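Have a look at the structure below before the remarks.
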Amino acid sequence: MNLHEYQGKSLLKKFGVSVPEGQIAFSREEAVEAAKQLQKKTGTDKWAVKAQIHAGGRGKGGGVKIAKSLDDVFQYAGDILGMHLVTPQTGKDGKLVRKVLIEENIYYPGESETFEFYMSILLNRQTGRNMIMYSPRGGMNIEQVAEETPEEIFTEEIDPKVGIMPFQARRVAFNLGLSGKAFKEMTKFVVALYKAYTGVDASLFEINPVIKAADDRVFAADAKVVVDNSSLYRHPDIQDMRDFDEEDPMEVEAGKFDLNYVKLNGNVGCMVNGAGLAMATMDIIKLSGGDPANFLDVGGAADSKRVEEAFRIIIKDPNVKAILVNIFGGIVRCDAVAQGVVDAYHRIGNIDIPIIVRLQGTNAEEGKKIIDESGLKVHSAIRLQEAAELVKEVV
């Protein structure tokens with residue numbers, strides 16, 4: 001589950017990670033009031049006005065502004081709220097901005113300079129261990145840094161038996177070129193950040209940039225936090241942070257029926273039971289000349305109601321030109337799924353998209369017979385090759 005920046009920072013703060021003081025606002029007036037309160041609390045005379053959407057690259061799209069007066073706060077908040085912010089991660093239509101984060105300025109003048117670093121924590125799938133990935137080249141796309149100057153990308157793997165060790169945090173600070181107070185602040189920051197990562201069952205933390213301020217304090221100036229969906233039952237407070245406005249409406253609807261659905265950009269909708277079979281099905285669609293329009297796993301309890309709802313979700317996608325139903329009957333019987341397809345077809349009505357149903361496993365022959373004798377415009381198959389040929393024919 002993705003979190004907004006302000007939500008992620010609230011979690012980091014609970015674990016002792018230094019973050020700038022900030023407040024959320026839903027209007028220009030609230031933004032100005034938040035700026036006034038931050039000024040009283042911190043003494044800041046500048047504020048960051050930051051669009052809150054589930055996408056990176058907000059600054060490049062005009063979603064982050066530095067206000068030097070309360071009038072600027074009013075102006076920038078008004079400009080950003082209600083805009084469709086387009087970034088490299090949103091697509092051409094962008095995302096509607098419904099709220100802004102008003103944050104204290106941490107780029108204040110002082111005797112020493114301010115530096116930006118990159119830091120993230122994620123699972124290294126090759127070793128099965130969490131790792132801290134960091135670079136002195138913060139504030140940039142880490143992919144660009146990795147391509148142009150890979151020697152400036154560092155990693156620190158964490159042994160799950162002992163967790164992060166003090167010497168590892170010190171090594172991070174050393175590789176970032178810090179010393180003195182900034183060195184100590186960074187070691188504390190790294191340890192707290194890792195504890196936050198494991199404490200909230202996150203799958204990704206990305207802090208870009210981590211700021212070493214002029215007074216040698218260290219802050220998380222940004223925070224991309226992704227929490228493992230499977231762990232949310234342990235974190236009801238985090239689950240309450242879910243913002244349905246930021247998610248694909250069809251994915252939200254699918255979740256109401258316990259359907260695992262991810263929208264893609266292809267032309268062939270697919271309905272499958274089992275994630276592995278779903279991946280194989282998408283490969284079959286590609287090899288047959290089509291492109292998968294979605295990943296949809298109906299699970300082991302593929303009854304008539306669930307099949308119907310899956311159909312309703314798939315046909316809402318205007319790009320879908322055909323639907324491939326690929327079911328392996330293990331726990332579920334193929335004849336029950338076939339009857340569910342027929343019932344769903346009758347209840348929905350007016351389905352003018354070619355439907356290919358491939359059934360294999362328990363009662364597959366009986367299921368094929370139900371499809372063939374239904375009188376509906378549904379193509380049936382038992383072998384994958386048959387399904388692939390039918391997909392190629394209709395697409």
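The values are calculated or read from the model by the stated rules, or taken from the named source; none is laboratory data. Bear in mind that the values here come from a model prediction, so they are computed numbers and not experimental data. Heads up, the Cβs are rebuilt from the backbone with ideal geometry, glycines too, and the neighbour counts pull from every protein chain shown. The protein model used for the area step is the full one, side chains on, heavy atoms only, and it has no ligands, DNA or RNA in it. Shrake-Rupley method; radii C 1.70, N 1.55, O 1.52, S 1.80 Å.
The set of residues in region 174-191 being surrounded by 22 or more Cβ atoms within 10 Å (Cβ to Cβ) and touching a Phe, Trp or Tyr at 6+ places or on another chain (Cβ under 8 Å) consists of Leu176 alone.
Do the conditions hold for Leu296, that is, is it assigned to a strand (DSSP E or B), under 18 Å from Val262 (Cβ atoms) and open to solvent by less than 50 Å² (accessible area, probe 1.4 Å)?
On the way: assigned to a strand (DSSP E or B): yes; under 18 Å from Val262 (Cβ atoms): yes; open to solvent by less than 50 Å² (accessible area, probe 1.4 Å): yes.
Spelling it out, Leu296 is indeed assigned to a strand (DSSP E or B), under 18 Å from Val262 (Cβ atoms) and open to solvent by less than 50 Å² (accessible area, probe 1.4 Å).
Among residues of region 2-50 being in contact with a His (Cβ under 9 Å, 6 or more places away or on another chain) and in a strand (DSSP E or B), the one that is least open to solvent (accessible area, probe 1.4 Å) is Ile24. I'd like the residue in region 340-355 that is touching a Phe, Trp or Tyr at 6+ places or on another chain (Cβ under 9 Å) and among the hydrophobic types (A, V, I, L, M, F, W, C) and, out of all such residues, is surrounded by the most Cβ atoms within 10 Å (Cβ to Cβ). This residue is Val341.
So that you can scan it fast, the table gives a plain yes or no per residue for (1) open to solvent by less than 10 Å² (accessible area, probe 1.4 Å); (2) farther than 20 Å from Gly276 by Cβ:
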{"position": "Asp317", "(1), (2)": "yes, yes"}
{"position": "Phe328", "(1), (2)": "no, no"}
{"position": "Val332", "(1), (2)": "no, no"}
{"position": "Val357", "(1), (2)": "yes, no"}
{"position": "Ile370", "(1), (2)": "no, yes"}
{"position": "Leu376", "(1), (2)": "no, yes"}
{"position": "Ala381", "(1), (2)": "yes, no"}
{"position": "Glu389", "(1), (2)": "no, yes"}
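Which members of region 197-245 meet the condition of being among the charged types (D, E, K, R) and either open to solvent by less than 20 Å² (accessible area, probe 1.4 Å) or out of contact with any Ser or Thr (no Cβ under 7 Å at 6 or more places or on another chain) (or both)? Correct list: Lys212, Asp215, Asp222, Lys224, Arg234, Asp237, Asp240, Arg242, Asp243, Asp245.
Yes or no, residue by residue, for (1) under 22 Å from Glu389 (Cα atoms); (2) at pLDDT 85 or above; (3) in contact with a helix residue (DSSP H, G or I) (Cβ under 7 Å, 6 or more places away or on another chain):
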residue: Glu247; (1), (2), (3): no, no, no
residue: Cys270; (1), (2), (3): yes, yes, yes
residue: Gly299; (1), (2), (3): no, no, no
residue: Asp303; (1), (2), (3): no, no, yes
residue: Asn319; (1), (2), (3): yes, yes, no
residue: Ile327; (1), (2), (3): yes, no, yes
residue: Cys334; (1), (2), (3): yes, no, yes
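For region 94-143, which residues satisfy the criterion of being more than 21 Å from the chain's Cα centre (by Cα), in contact (Cβ under 8 Å) with a residue 60 or more places away in the chain, assigned to a loop (DSSP other than H, G, I, E, B) and surrounded by fewer than 19 Cβ atoms within 10 Å (Cβ to Cβ)? The answer is Asn105, Tyr107, Tyr108, Pro109, Gly110, Glu111, Ser112, Glu113, Thr114. For beta carbons closer than 7 Å, sequence separation of 6+ or different chains, a first residue in region 256-272 that is buried (at least 19 other Cβ atoms within 10 Å of the Cβ) and a second that is among the acidic types (Asp, Glu) and in a strand (DSSP E or B), the qualifying pairs are Val272/Asp297.
Here is a check on your reading of the model: is Thr90 among the β-branched types (Val, Ile, Thr) and either open to solvent by less than 50 Å² (accessible area, probe 1.4 Å) or within 26 Å of Asp45 (Cβ to Cβ) (or both)?
Values: among the β-branched types (Val, Ile, Thr): yes; either open to solvent by less than 50 Å² (accessible area, probe 1.4 Å) or within 26 Å of Asp45 (Cβ to Cβ) (or both): yes.
Spelling it out, Thr90 is indeed among the β-branched types (Val, Ile, Thr) and either open to solvent by less than 50 Å² (accessible area, probe 1.4 Å) or within 26 Å of Asp45 (Cβ to Cβ) (or both).
Considering (1) modelled with pLDDT of 95 or more; (2) small (Gly, Ala, Ser); (3) closer than 23 Å to His4 by Cβ, the lone condition that Ser135 does not fulfil carries the number (3).
If we keep just the residues of region 48-92 that are among the β-branched types (Val, Ile, Thr) and over 24 Å from the mean Cα position of the chain (by Cα), which is modelled with the highest pLDDT? Can you show your working first?
So the first thing to find is which residues in region 48-92 are among the β-branched types (Val, Ile, Thr), and the list is 49, 53, 64, 66, 73, 80, 86-87, 90.
Within this subset, residues satisfying the condition of being over 24 Å from the mean Cα position of the chain (by Cα) are 66, 73.
Working: Ile66: 94, Val73: 97.
Among those that are among the β-branched types (Val, Ile, Thr) and over 24 Å from the mean Cα position of the chain (by Cα), it is Val73.
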